[in-house]
Amino acid sequence: MAQIQFFRGVDEEVIPDVRLTRSRDGSNGTATFYFQNPQALSSEATEEITGMYMIDEEGTLTTREVKGKFVNGKPEALEVFYLMKSADEWDRFLRFMQRYAETHGLEFSKS
């Protein structure tokens, strides 16, 4: 089972919009996650967001590149960037996303 967490032990229920880019030579890539009204920003969330943790049976992928989006002073969304600096990191990320998609009933589409 694959999950995304902003706080250790608390799964994020909101499914993000994910956009991938990759260099032509395949040596690096970027995943941009956009969470609209995530639980991590709800009034019940009392912990500080220190990063995004992508957890599956292979282990944990972590990024600290988390930005909050605010509208009229109220938190509305989180934008997260995950950088992959090698083909192996890219492949590992895709394995996580495949498991995450299966867990949450999602599908991949190329644009």
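The values are calculated or read from the model by the stated rules, or taken from the named source; none is laboratory data. Values in this document were obtained by computation on a predicted structure and should not be read as measured data. Here the Cβ positions follow ideal geometry from the backbone for every residue, glycine too, while neighbour counts run over all protein chains shown. For the accessible areas, the whole protein counts, side chains as well, though only heavy atoms, and no ligand, DNA or RNA atoms are used. Shrake-Rupley method; radii C 1.70, N 1.55, O 1.52, S 1.80 Å.
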| Any idea which of Gly26, Gly73 is over 20 Å from Arg99 (Cα atoms) and in contact with a helix residue (DSSP H, G or I) (Cβ under 7 Å, 6 or more places away or on another chain)? | Gly26
| message | I'd like to know if region 53-71 contains one or more residues that are farther than 18 Å from Arg22 by Cβ, among the aliphatic types (A, V, I, L, M), within 13 Å of the chain's Cα centre (by Cα) and at pLDDT 90 or above. | response | yes
| said: With the structure loaded, tell me whether Glu107 is touching a helix residue (DSSP H, G or I) at 6+ places or on another chain (Cβ under 9 Å), modelled with pLDDT under 90 and open to solvent by 70 Å² or more (accessible area, probe 1.4 Å) or whether it fails that test. | reply: yes
| message | What's the total number of residues in region 53-111 that are of a type outside the set (Gly, Ala, Ser) and in a loop (DSSP other than H, G, I, E, B)? | response | 9
| task | Can you run down the residue pairs with Cβ atoms below 7 Å, 6 or more apart or on separate chains, where the first is in region 84-100 and in contact (Cβ under 8 Å) with a residue 12 or more places away in the chain and the partner is of a type in the set (A, V, I, L, M, F, W, C) and part of a helix (DSSP H, G or I)? | result | Met84/Trp90; Met84/Phe93
| Residue pairs meeting the criteria (Cβ under 6 Å; at least 6 apart or on separate chains; first within 15 Å of Leu106 (Cα to Cα) and of a type outside the set (Val, Ile, Thr), in region 1-20; second open to solvent by 20 Å² or more (accessible area, probe 1.4 Å) and in a strand (DSSP E or B)) | Gln3/Asp11; Gln3/Ile55; Pro16/Tyr34; Asp17/Tyr34; Arg19/Thr32
| Any hit, region 30-42, residues being touching a residue at least 24 places away in the same chain (Cβ under 8 Å), part of a loop (DSSP other than H, G, I, E, B) and closer than 19 Å to Leu106 by Cβ | yes
| task | Just one of (1) without any contact (Cβ under 8 Å) to a residue 40 or more places away in the chain; (2) surrounded by 12 or more Cβ atoms within 10 Å (Cβ to Cβ) trips up Lys74, so point out which. | result | (2)
